[in-house]
Amino acid sequence: MTDLSHTGLAPASLHLERLVINLAGQPLVRLDTDIAPGEILTVMGPSGSGKSTLLAAIAGFLAPAFTAAGCVRLGDTPLDGLPPESRHVGLLFQDPLLFPHLSVGGNLAFGMAPGGRRRERRARVAEALARAGLAGYAERDPATLSGGQKARVALLRVLLSAPRAMLLDEPFSSLDVALRDDLRRRVVAEIARRGLPALLVTHDPADAEAAGGRIVTLGGS
């Protein structure tokens, strides 16, 4: 798998500076904090409190019904106004969202930056799969994978895109207990190893405990 050393970019903090997200002219989310490299900030709160909307604002696809004020920075780079693909922010969702028309290897290659030799790209995909306990799965149809295997492939696809920050939108909630624990460990370990600032949205206190960082609780809408 690729980490920041492959890109030549140093780890950076994610800065949410006086960020306010409004709905119909009323504040829905207020957050003013920094997330250090390798740190996971957990955001909890009831449905409608703006957890997923916060992720959308950071990632660059906030719905037109909402407006945002303040500043989002990754290191010294302001993200406000940049298209999502230029923000270098990886997103991991509850649903793996694998492309059914691509093989497992094709899904992983899709997340990688264009360019480079085909042999090198295949080698990186093979290395990523081996590290995740999925050696030899490159030609598999995603439909043949178990839920846990799909979740691991989704994680690998995000990591192979060489993100500089991670946003996690309840990525463990659809898995059974054993698979949930396994994926939690993998995600937390990779974030720490790569020095990525991460923001985790969840309803589950066990997720927050596994993340091991600060917890922010949002109020209802």
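FYI, it's all coordinate maths here, none of it is from the lab. Keep in mind it's a predicted model, so treat the numbers as computed, not measured. Every residue, glycine as well, gets a Cβ built from its backbone with ideal geometry; the counts of neighbours run over all protein chains shown.
Conditions (1) surrounded by 15 or more Cβ atoms within 10 Å (Cβ to Cβ); (2) free of Cβ contacts under 8 Å to residues at least 60 places away in the same chain; (3) of a type in the set (Lys, Arg), marked per residue:
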{"residue": "PRO78", "(1), (2), (3)": "no, yes, no"}
{"residue": "VAL89", "(1), (2), (3)": "yes, no, no"}
{"residue": "ASP95", "(1), (2), (3)": "no, no, no"}
{"residue": "LEU102", "(1), (2), (3)": "no, yes, no"}
{"residue": "ALA109", "(1), (2), (3)": "yes, yes, no"}
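Taking the condition surrounded by 18 or more Cβ atoms within 10 Å (Cβ to Cβ), touching a Leu at 6+ places or on another chain (Cβ under 8 Å) and either part of a loop (DSSP other than H, G, I, E, B) or free of Cβ contacts under 8 Å to residues at least 12 places away in the same chain (or both), does ALA128 pass?
Criteria not met by ALA128.
Search region 131-161 for residues being among the basic types (Lys, Arg) and buried (at least 19 other Cβ atoms within 10 Å of the Cβ), and hand back the single one that is nearest to LEU196 (Cα to Cα).
This residue is ARG157.
Tell me which residues, restricted to region 36-95, are β-branched (Val, Ile, Thr), within 14 Å of the chain's Cα centre (by Cα) and closer than 20 Å to HIS203 by Cα.
Of everything in region 36-95, those that are β-branched (Val, Ile, Thr), within 14 Å of the chain's Cα centre (by Cα) and closer than 20 Å to HIS203 by Cα turn out to be ILE40, THR42, VAL43, ILE58.
Pick from ALA63, ALA109, ALA143: which is over 26 Å from ALA10 (Cα atoms), among the small types (Gly, Ala, Ser) and touching a helix residue (DSSP H, G or I) at 6+ places or on another chain (Cβ under 8 Å)?
Going through ALA63, ALA109, ALA143 in turn, just one is over 26 Å from ALA10 (Cα atoms), among the small types (Gly, Ala, Ser) and touching a helix residue (DSSP H, G or I) at 6+ places or on another chain (Cβ under 8 Å): ALA63.
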